[in-house]
Amino acid sequence: MSKLWKVRLSGKGGQGLITASIVLADAAIRFGKNAVQTQSYGPESRGGACRGEVIISDQNIYYPKISHPNLLVCMSDTAVKTHAGFLAGDGILIIDETLVTQTRPIKSQFYKVPITGLCREKLGQDIYANMVVLGAIIRITEVVPENVVLETFQDYFSLEMLETNLQAFTIGLKAGEKAIKRFGEFSA
Amino acid sequence: MVKPKLMQGNECCALGALAAGVRFFAGYPITPSTEIAEIFSKELPKLGGVFMQMEDEIASLAAVIGASLTGKKAITATSGPGFSLMQENLGFAAVAEVPCVIVNVMRLGPSTGMPTLPAQSDVMQARWGTHGDHSVIALAPSSVKEAFCLTVRAVNLAERYRVPVVLLMDEVIGHLRERVVFQPDEKVVQWERKQCLNPKSSQPFEETADGIPPFFSFGGEYRHHVTGLVHDESGFPTSQREGISRLIRRLHYKITQHLSDIVQVEEFFVDDADVLIIAYGSTARSAQAAVVRAREEGKKAGLLRLITLWPFPEKEVSTAAVNKKAVIVPEMNMGQLALEVARVLPDKNLLFPINRVDGELVTPDEILSVMGRIY
């Protein structure tokens, strides 16, 4: 549990990855950890390269950015090209199988999850893909316990948004479960 | 047990201003400062305050100055392009001695530059952006909690010294979210501006012992005159040489004779350090990480973190630099504060600037690699 997590969620503007990184950081703090969240995005509101980052630690966090993530999620081909090379040696790479055409395993700890496809199929829209991602991350890595994330949801989303985001999160948990069966448990 | 919260730099800045008693905001939203305006628009009406979205940044600071002249604590928030537009009114606030706070969440410039990417390239603009000799105070927070504390301090200093105060945040700190703990017994101290108690025996721009004239609120009991022209103690324009010089000199010494109250720095392993890093804002976070890693490798590194940028902490910098083998100054600009540091170092060859201007924060590795070359 004392693992230092350097999480980078990368993709395009509009996928909600910065929001997902904020919810993850908030949950980590509720769980009693230290956490910082940063972001990088272009001037476009949608479509430009975008990333949300979270460091979770038991120690002080001075430098708030991440050079080499040990958990990297890529939600576009560009994201894979830009970030996969920076993944730490023992890092975990999760790609959105729906959007990323590069599906050859890049690192040993490699998970393919059809994030956007599942979201579209079960919820009829892409916009909840960020909470599907979060569910998948939580199931695969247990970086923060599931119940703490659910508690964060209650405070984070308005009542009308809560239900669908919870559904998306649950879809992600199940997708994570399947990914573990396909690709195996991760080793720290 | 106090619950820690995930909070954002911009959020803490707005909440700090409210805690310091700010009840007026006028501004024009601009990335990366927009959240500040957003929070004020929600919170100020609840407290009986006023939020005004203006047509541009020139009008924004004009409205802030107007509100402050009536006695309200007033603030605006912007970024580079807006800060450029505010320069004329910043000069007005300096000469008319109107307390106000301008938050500049620095992004990469010049001009529109890179709206979403960080820089620290407005350091000199904060000091010299408006024309004429004038005094100004500028503070730079390095953490989300400090964004709260230094906004409170910026408001307090503006009120006490009747001066515009610039809170120079950078995009990294403005948008950073981190764990913040507020203790239940944590009190916010509010400083109030010196009020005029008897207009018969005092003047609105009177030369007092501490250099700060008593404040006459507009719309209050007494009529008085405020102008950007050089004025005498009555507030009306003067062309008498003695009076001109007296005003300009007082605008300076009301700050320089109170340096111990205004200047703040923080030392991090400075005393026994061989190599000193001098940094501020988000780059100070990279420097802290570099110091910790250097110490783990047995290298004696230390950090002097500048909290007050203007007036420049000359005494603190020259004292900390005594007996150091090198002084590294990392900045997200082409070397602005490094020039000030060089000015007070005994030997300019001691200075090693690190300059990053690609919209990314200086990394601890970059600092350590420079340190490795010299030590």
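The values are calculated or read from the model by the stated rules, or taken from the named source; none is laboratory data. These numbers come from a predicted model, not from an experiment. Here the Cβ positions follow ideal geometry from the backbone for every residue, glycine too, while neighbour counts run over all protein chains shown.
Just one residue in the set B:Arg193, B:Arg177 is touching a residue at least 60 places away in the same chain (Cβ under 8 Å), within 14 Å of another protein chain (Cβ to nearest Cβ), basic (Lys, Arg) and surrounded by 14 or more Cβ atoms within 10 Å (Cβ to Cβ); that residue is B:Arg177. Every condition in (1) out of contact with any helix residue (DSSP H, G or I) (no Cβ under 9 Å at 6 or more places or on another chain); (2) at pLDDT 95 or above holds for B:Val2 except the one numbered (2).
Counting just the residues of segment A:179-188 that are free of Cβ contacts under 8 Å to residues at least 24 places away in the same chain and more than 21 Å from A:Lys6 (Cβ to Cβ), which one comes out surrounded by the most Cβ atoms within 10 Å (Cβ to Cβ)? Steps first, please.
Restricting attention to segment A:179-188, the residues satisfying the condition of being free of Cβ contacts under 8 Å to residues at least 24 places away in the same chain are A:181, A:184-185.
Within this subset, residues satisfying the condition of being more than 21 Å from A:Lys6 (Cβ to Cβ) are A:181, A:184.
On the way: A:Lys181: 8, A:Gly184: 12.
It comes out as A:Gly184.
Within segment B:54-77, being touching a Phe, Trp or Tyr at 6+ places or on another chain (Cβ under 7 Å) and surrounded by fewer than 21 Cβ atoms within 10 Å (Cβ to Cβ) holds for B:Met54, B:Asp56, B:Thr70, B:Lys72. Reported count of residues in segment B:247-292, each being polar (S, T, N, Q), part of a helix (DSSP H, G or I), within 14 Å of chain A (Cβ to nearest Cβ) and within 18 Å of the chain's Cα centre (by Cα), is 1. Please work out if B:Ala140 is crowded, with 23+ Cβ neighbours inside 10 Å, away from every other protein chain (no Cβ under 14 Å) and small (Gly, Ala, Ser). Criteria met by B:Ala140.
Filtering segment A:34-52 to residues that are surrounded by 24 or more Cβ atoms within 10 Å (Cβ to Cβ) and more than 8 Å from every other protein chain (Cβ to nearest Cβ) leaves A:Cys50, A:Arg51, A:Gly52.
It is to be established whether one or more residues within segment A:84-104 are touching a His at 6+ places or on another chain (Cβ under 7 Å), buried (at least 21 other Cβ atoms within 10 Å of the Cβ) and either closer than 24 Å to A:Ile171 by Cβ or within 14 Å of chain B (Cβ to nearest Cβ) (or both). Checking segment A:84-104: not a single residue is touching a His at 6+ places or on another chain (Cβ under 7 Å), buried (at least 21 other Cβ atoms within 10 Å of the Cβ) and either closer than 24 Å to A:Ile171 by Cβ or within 14 Å of chain B (Cβ to nearest Cβ) (or both). For B:Ser41, the test of being assigned by TED's automatic domain parsing to the domain that holds B:Leu90, among the polar types (S, T, N, Q) and under 27 Å from B:Arg162 (Cβ atoms) is failed.
When you look at A:Gln37, is it in a strand (DSSP E or B) and either polar (S, T, N, Q) or within 15 Å of the chain's Cα centre (by Cα) (or both), yes or no? First the steps, then the outcome.
Values: in a strand (DSSP E or B): yes; either polar (S, T, N, Q) or within 15 Å of the chain's Cα centre (by Cα) (or both): yes.
When the stated conditions are applied, A:Gln37 passes them.
A:Ala20 meets the conditions (1) under 30 Å from A:Glu163 (Cβ atoms); (2) free of Cβ contacts under 8 Å to residues at least 40 places away in the same chain in every case but one. The failed one is (2). Among residues of segment A:159-170 that are without any contact (Cβ under 8 Å) to a residue 40 or more places away in the chain, those with a Cβ under 8 angstrom from a residue that is loosely packed, with under 13 Cβ neighbours inside 10 Å and not β-branched (Val, Ile, Thr), sequence gap 6+ or separate chain, pair up as A:Leu162/A:Gln154. Of the residues making up segment A:164-178, just one is surrounded by 17 or more Cβ atoms within 10 Å (Cβ to Cβ) and of a type in the set (Val, Ile, Thr), namely A:Ile171. Criterion first (facing another protein chain (nearest Cβ under 10 Å), within 21 Å of B:Arg179 (Cβ to Cβ) and part of a helix (DSSP H, G or I)) does A:Ala25 satisfy it? So A:Ala25 passes the test.
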